[in-house]
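Participant: A single structure is presented below for examination.
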């Protein structure tokens, strides 16, 4: 499964995050996972609070620790 990541569900629980912000963050995360491999039904990532524009990079850093 080289170069394929499958995440059954990706949920953002961030008060005040607009739908378009969540969509943009999800796209950034998807692009950031290119070339990685793994399949996960549940993958939990906790990041410290911060600006939404930096959320994708923080989530990717946490995901890369778990994904090959």
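Coordinate-derived values only; no laboratory data. Keep in mind that this is a model prediction, so the values were computed, not measured.
Participant: Please compute the alpha carbon radius of gyration of segment 5-66, then divide it by the globular-protein estimate 2.2 N^0.38 Å. Two decimals is fine.
Facilitator: Working: Rg = 11.3 Å, N = 62, 2.2 N^0.38 = 10.6 Å.
For segment 5-66, the normalised Cα radius of gyration is 1.07.
Participant: What's the extension gain from residue 11 to residue 31 if we count 0.36 nm per residue and subtract their Cα-Cα distance?
Facilitator: Details: separation 20, 0.36 × 20 = 7.20 nm, distance 1.69 nm.
Extra length from residue 11 to residue 31 when fully extended: 5.5 nm.
Participant: Using only Cα atoms and rounding to the nearest 10 degrees, what angle (0 to 90) does helix 19-32 make with the longest principal axis of the chain?
Facilitator: That helix lies at roughly 30 degrees to the long axis.
Participant: Grab the DSSP H runs of the chain that are 4 residues or longer, score each as -39,500 (n - 2.57), total them, divide by all residues and round the 222 nm result to the nearest 500 deg cm²/dmol.
Facilitator: Working: 2 runs with 26 residues, N = 68.
Rounded to the nearest 500, the figure is -12000 deg cm²/dmol.
Participant: Of 33, 17, 43, which has the largest mean-square fluctuation in a 10 Å C-alpha GNM of the chain?
Facilitator: 17
Participant: Hey, what angle do you get for helix 55-66 against the long axis of the chain, alpha-carbon based, 0 to 90 degrees rounded to 10?
Facilitator: Orientation of helix 55-66: about 30 degrees from the principal axis.
Participant: Right, next: Gaussian network model of the chain, Cα springs within a sub-10 Å range: biggest mean-square fluctuation belongs to which of 26, 51, 18?
Facilitator: Maximum among the listed residues: 51.
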